[in-house]
Amino acid sequence: MNRKSWRAAAVTGVVVAMTAATAILWQGTSNAASTLGASAAERGRYFGTAIAGSRLSDSQYTTIANREFNMITAENEMKLDATEPNQNQFSFGSGDQIVNWATGNGKRVRGHTLAWHSQQPGWMQRMEGSSLRQAMLNHVTRVATNYRGKIYAWDVVNEAFADGASGARRDSNLQRTGNDWIEAAFRAARSADPNAKLCYNDYNTDNWSHAKTQAVYRMVQDFKSRGVPIDCVGFQAHFNSGNPVPSNYHTTLQNFADLGVDVQITELDIEGSGSSQADQYRGIVQACQAVARCTGITVWGVRDSDSWRASGTPLLFNGSGQKKAAYDAVLAQLNTGQPTNPSPSSPGPSTSPTTDPGGGGCTATYSEGQKWNDRFNGQVTVTGSSNWIVTVTVGSPQRITATWNVSATWDSSGNVMTGRPNGNGDTFGFTIQHGGNWTWPTLSCRTA
């Protein structure tokens, strides 16, 4: 989201209302988690926040972020102007700071964003035509390759559709390179980072009846029908009194999910205070819970004072870091969901650790971590050497979607990960999207 250019569309709406059937579906006896991320994780989802590198020295900020959230998005540090300030001169230091903080604290990362008409560096703003197309594809490839294996989902293309009733693409320098530029960006991202989920992300697409929403829907429908690699759609969800949560929000999420993509609420903030704000936040969580393929929610900032809309007090914590009524409403609603850990009949192994045969000068021991309906975490501890190389092999259709505390590379199949120390000790972890295969990975360890 561009802090300067976003404008709310004035629409009429009310807080999302759940049907009785939906409410029954999500009621159940479960242990009430005490944080947003923990509650979402118990139910196979995530609850994340946007982080600014400039605030990582603020202990109150980092304490809240580390305690409450399990998915992190870089607020500005991975955008075009930050990562390629001069053509073919890439700068990843600020983005790396966010990724390292997140993975070092056991969190996954959403990448934001690879291709966008806004926040382009000056050299790109001056380009047109085939030169711009090639520069855009080079940027997508280089940035996605740099973070390969570290990103859960990329916002590959951001805000490519115009506001209003036309349903047209936004007139931008990227659009003028040809109507297939979005497809080209997605194909480049898939080649560069085959294990990351690839998302289209936009704002004012919340109301199912809006022309912009319908236009994005038709694009996703077309991409799915032609095999263009798109895995998810992001809904920014910036709401205020002139643009409240629409009554058909659940319908919007469900209709996109029915195309065979995940839906994610990517930049949520709701201006206001008290019970009105709390009710709208609760409605957003309800709508996500009602859609099986709504995989998570990200709020766009930690405290009200950190928000790009600070005067509207739109977040879950006030400027002093205290929980607001909206926080209580969100946590309570998250805790109504039924936990989705695998059933006892799932073919998963026992929880006792397994160790590789050794012989390479070091030993790697695998321990099982958290499990959800679609993925599980694993942890590897290395003994015998601090200069190790661990090979982790997963079985088809599994794929490793996130790692932490390790420098990782993959072979061409994407099934074999090679991990090396990254300065964070001799224990590292990863998340495996299992695709129905709960078998643990195999390990081997050798010294460098």
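The values are calculated or read from the model by the stated rules, or taken from the named source; none is laboratory data. Here the structure is a predicted model, which means the values were calculated and not measured. Note: ideal-geometry Cβ built from the backbone for every residue, glycine included; neighbour counts use all protein chains shown. Ligands, DNA and RNA are excluded from the accessible area calculation, which covers all protein heavy atoms including side chains. Shrake-Rupley method; radii C 1.70, N 1.55, O 1.52, S 1.80 Å.
Summary of computed values
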| read-out | value |
| --- | --- |
| For the chain, radius of gyration divided by Kirkwood radius, i.e. Rg to Rh on alpha-carbons | 0.96 |
| FRET E, pair R420, Q89, Förster distance 22 Å, beta-carbon r, rounded to 0.05 | 0.25 |
| Spin-label model distance (nm) - Q97 vs S305, 7 Å beyond Cα toward Cβ | 1.9 nm |
| Accessible surface ranking that places the most exposed of E271, E75 first, with a 1.4 angstrom probe | E271, E75 |
| Estimated 222 nm signal from helices in the chain, with DSSP H stretches of n ≥ 4 weighted -39500 (n - 2.57), rounded to 500 | -8500 deg cm²/dmol |
| Charge dipole of the chain about the Cα centre (unit charges at C-beta), most positive-ward option of Q398, A292, G164 | Q398 |
| Flagged links, alpha-carbon separation over 24 Å, of K107/K197; K212/K323; K107/K371; K197/K323; K107/K212; K79/K107 | K212/K323; K197/K323; K107/K212 |
| Residue order for K150, K323 - accessible surface, 1.4 angstrom probe, largest first | K323, K150 |
| 19 Å cut-off, amide nitrogen to a point 7 angstrom out along S276 Cα→Cβ, residues in region 304-324 | 304, 309-318, 324 |
| Region 71-80 - phi-based ³J(HN,Hα) in whole Hz, Karplus 6.51/-1.76/1.60, Gly and Pro as x | 9, 10, 10, 6, 5, 9, 6, 10, 7, 4 |
| Extension gain (nm, one decimal) between R126 and R170, 0.36 nm per residue minus Cα-Cα | 14.1 nm |
| J(HN,Hα) series, region 283-297, from Karplus relation 6.51 cos²θ - 1.76 cosθ + 1.60, nearest Hz, glycine and proline x | x, 4, 5, 4, 5, 5, 4, 6, 10, 4, 8, 7, 8, x, 10 |
| Over region 33-145, equivalent-ellipsoid semi-axes from the Cα gyration tensor in Å | 32, 15, 10 |
| 3J(HN,Hα) from dihedral phi, region 176-183, Karplus parametrisation 6.51/-1.76/1.60, rounded to Hz, x for glycine, proline | 6, 7, x, 5, 8, 5, 5, 4 |
| Cα→Cβ-extended label distance, 7 Å offset, between S209 and S413, nm | 5.3 nm |
| Other-chain or far-sequence residues with amide H under 5 Å of D262's (modelled H) | C232, V233 |
| Charged-residue dipole, Cβ positions (Lys, Arg, Asp, Glu), region 64-200 about Cα centre, Debye nearest 20 | 380 debye |
| Carbon/sulfur fraction of accessible area - the chain, other protein chains in place, 1.4 Å, % | 47 percent |
| Rounded accessible area of S59 (nearest 10 Å², 1.4 Å probe) | 90 Å² |
| For V299, residues with placed amide H under 5 Å, excluding near neighbours | G48, T49, A50, L268 |
| Distance (nanometres) between label positions extended 7 Å along Cα→Cβ at R218 and N105 | 4.3 nm |
| Potential lengthening between N318 and T381 on full extension [0.36 nm per residue; Cα-Cα distance subtracted] | 18.7 nm |
| Residue-level accessible surface for R187, protein heavy atoms, 1.4 Å, Å² | 100 Å² |
